[in-house]
Amino acid sequence: AIDPNFEANRDVAEQHEGHRVWGPVDEPEQLGIHGTHVAVDFDICIADGACLEDCPVDVFEWTDTPGHPESDIKADPINETQCIDCMLCVDVCPVDAIDVDPG
Ligand code: SF4
Ligand code: F3S
Ligand code: ZN
């Protein structure tokens, strides 16, 4: 599961589509955590898609990650600033790849 303390335990490696990427990043096998308020651990995501389907405000979009061992697309929190903290995505992800930090 995603580390809920990732902000303390990781460093920002880069920016992607306006959000932070928390490292380590070593493409294509190791991609880190995308987003901060809505954070998706790309190294855990298996592209289940429930988060994209269920988010009421369309925070997520698919992004291509060819060569990653778990899946070649990931749910990217492109619109994390739109999040209304409903926690649906956290509840539905089968591999606990998402952390949302209300407040
Ligand atoms: Fe979308 Fe709710 Fe998840 Fe925020 S907590 S990203 S609004 S599903
Ligand atoms: Fe990935 Fe979990 Fe969404 S596996 S696509 S973050 S439901
Ligand atoms: Zn991203």
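Within the stretch 48-61, the residues that satisfy the criterion of being open to solvent by 30 Å² or more (accessible area, probe 1.4 Å) and in contact with a strand residue (DSSP E or B) (Cβ under 8 Å, 6 or more places away or on another chain) are L52, E61. Determine which single condition E61 fails, assuming it passes every other condition in (1) within 12 Å of ligand 3 (Cβ to nearest atom); (2) acidic (D, E); (3) in contact (Cβ under 8 Å) with a residue 40 or more places away in the chain. Exception for E61: condition (3). Looking only at the stretch 80-90, which residues are open to solvent by 80 Å² or more (accessible area, probe 1.4 Å) and either in a loop (DSSP other than H, G, I, E, B) or farther than 16 Å from V57 by Cα (or both)? Across the stretch 80-90, the qualifying residue is only I84. Among the residues of the stretch 18-30, is there at least one that is crowded, with 18+ Cβ neighbours inside 10 Å, touching a residue at least 60 places away in the same chain (Cβ under 8 Å) and either within 16 Å of ligand 1 (Cβ to nearest atom) or not in a loop (DSSP other than H, G, I, E, B) (or both)? Yes, there is a match, as at least one residue in the stretch 18-30 is crowded, with 18+ Cβ neighbours inside 10 Å, touching a residue at least 60 places away in the same chain (Cβ under 8 Å) and either within 16 Å of ligand 1 (Cβ to nearest atom) or not in a loop (DSSP other than H, G, I, E, B) (or both).
What number of residues within the stretch 1-17 satisfy the criterion of being in a helix (DSSP H, G or I) and under 16 Å from V95 (Cβ atoms)?
Filtering the stretch 1-17 for residues in a helix (DSSP H, G or I) gives 6-9.
Okay, now just the ones that are also under 16 Å from V95 (Cβ atoms), so 6.
Here the count works out to 1.
Would you pick out the residues in the stretch 31-47 that are touching a Cys at 6+ places or on another chain (Cβ under 7 Å) and either open to solvent by less than 20 Å² (accessible area, probe 1.4 Å) or more than 14 Å from ligand 3 (Cβ to nearest atom) (or both)? V38, the sole residue that qualifies.
Summed over the stretch 29-54, the residues that are under 14 Å from E17 (Cβ atoms) and near ligand 2 (Cβ under 6 Å from one of its atoms) give a count of 1.
In the stretch 62-79, which residue that is open to solvent by 90 Å² or more (accessible area, probe 1.4 Å), charged (D, E, K, R) and more than 9 Å from ligand 2 (Cβ to nearest atom) is farthest from I44 (Cα to Cα)? Break it down into steps so the answer makes sense when it comes.
Start the filter on the stretch 62-79 by keeping residues that are open to solvent by 90 Å² or more (accessible area, probe 1.4 Å), which leaves 62, 64, 66, 69-70, 72.
Now narrow it down to the ones that are charged (D, E, K, R): 64, 70, 72.
Okay, now just the ones that are also more than 9 Å from ligand 2 (Cβ to nearest atom), so 64, 72.
Values: D64: 15, D72: 12 Å.
Ranking the qualifying residues of the stretch 62-79, first place goes to D64.
Checked against (1) under 13 Å from D99 (Cβ atoms); (2) in contact (Cβ under 8 Å) with a residue 40 or more places away in the chain, D48 meets all criteria but (1).
The values are calculated or read from the model by the stated rules, or taken from the named source; none is laboratory data. Since the structure is predicted, the reported quantities are computational estimates derived from the model, not experimental observations. Glycine gets a Cβ as well: all are built from the backbone with ideal geometry, and neighbour counts include every protein chain shown. Only protein heavy atoms, including side chains, enter the accessible area calculation; ligands, DNA and RNA are left aside. Shrake-Rupley method; radii C 1.70, N 1.55, O 1.52, S 1.80 Å.
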